[in-house]
1. Work out the FRET efficiency for Phe45 and Ile231 from their Cβ-Cβ distance, taking R0 = 22 Å, and round it to the nearest 0.05.
2. Determine, for each peptide in 94-100, 241-247, the mean count of other beta carbons within 10 angstrom over its residues, then list the peptides with the highest first.
3. Could you give each residue of the range 143-151 its phi-based ³J(HN,Hα) in whole Hz, using Karplus coefficients 6.51, -1.76, 1.60 with θ = phi - 60°, and x for Gly or Pro?
4. Take the Cβ-Cβ distance between Leu215 and Ser76 as r, set R0 to 35 Å, and report the resulting FRET efficiency rounded to the nearest 0.05.
5. What accessible area per residue, rounded to a whole number of Å², is obtained for the chain using a probe radius of 1.4 Å?
6. Considering only protein heavy atoms and a 1.4 Å probe, what is the carbon-and-sulfur percentage of the accessible area of the range 1-49?
7. As an exercise, take the mean of 1/r over every pair of distinct alpha carbons in the range 41-152, invert it, and state the Kirkwood radius in angstroms.
8. Taking R0 as 45 Å, what FRET efficiency do you get between Val166 and Val136 from their Cβ-Cβ distance, rounded to the nearest 0.05?
Amino acid sequence: MYFFISNLSLADLILTTSIVPNMLVIIWSEGGSMSIYGCISQFFFVFVSTCAQCYTLMVMSLDRYLAICLPLRYSSIMNMTLCIQMVFIPWLVGIIYVKIEVILISQLQFCSSNIVDHFFCDFAPILALTSSDVNVLTWLDFSLAIAVSYLPLVCIAVSYICIFIVIFKMSSSKGRRKAFSTCSSHLLVVCIYYGSLIAIYASPSSVNEFYENKLKSLLYIMLTPFTNPIIYSMRNKEIIETMKSFYIKRKLKL
């Protein structure tokens, strides 16, 4: 589980470092400029990390399914080779998916405007700058969104349905609490991540709603990477004990 969490942290790190430093510069200088290739590069890294997060959360749900529903076979199935493969494939799929979009975006003609109405190079603001026909690219983005976002979400939902069925069949209340505790952190992260992601990209948007989408995007980019370490740290006994000892020492000094 910690192996998958570290991979999820890497995706969070790439996402935030691709957007936040440049966003802070723009806020500090009340504006900024970026080349079209820099904008496309930012788009690439942002959405590769997004794809990796979606599939990694799906892999973690399968890991929780094996741990709770097939505990006796967990160690034999979830070996290190399989873990590495399950981490490598999400990144590979994300790179392939986004690379196709990047190739098509780089072939567009950008001559209608040079102002990106966003704090990072998102898909819709980039298309708003082009005068080329974007119907093919729009349908491609829609199909990739289904493959990258909705299919992992369906797999996560099916995994947790099976997990809850097994939990409710347990006769011991202690066993049920332990099983819920095992998957509670991951379930909370999934709800926060997909809740913000669906609010941005699944809801219909228009030009008048760009300000609302900026706020949603800011929550998705800042809130999820900020809450993930907190949520998983609260499950670590060593971190909790260290925080308790720090609090006691600080209280004694006061």
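The values are calculated or read from the model by the stated rules, or taken from the named source; none is laboratory data. Quantities reported herein were computed from a predicted structural model and do not represent experimental measurements. When we count neighbours, we look across all protein chains shown, and the Cβ atoms used for this are built from the backbone with ideal geometry, even at glycine. Ligands, DNA and RNA are stripped out before the accessible areas are found, and what is left, the full protein with its side chains, is counted by its heavy atoms. Shrake-Rupley method; radii C 1.70, N 1.55, O 1.52, S 1.80 Å.
1. Numbers: r = 24 Å, r/R0 = 1.10.
E(calc), rounded to 0.05, equals 0.35.
2. Values: 94-100: 17.1, 241-247: 10.7.
Per-residue mean Cβ counts within 10 Å order the peptides as 94-100, 241-247.
3. These are the phi-based 3J(HN,Hα) values: 5, 5, 5, 5, 5, 8, 9, 6, 5 Hz.
4. It comes to 0.15.
5. Values: 14890 Å² over 254 residues.
It amounts to 59 Å² per residue over the chain.
6. Details: 1960 of 2720 Å².
C and S atoms contribute 72 percent here.
7. Working: mean 1/r = 0.0626 Å⁻¹.
Evaluated over the range 41-152, this radius sits at 16.0 Å.
8. Details: r = 45 Å, r/R0 = 0.99.
According to the calculation, E is roughly 0.50.
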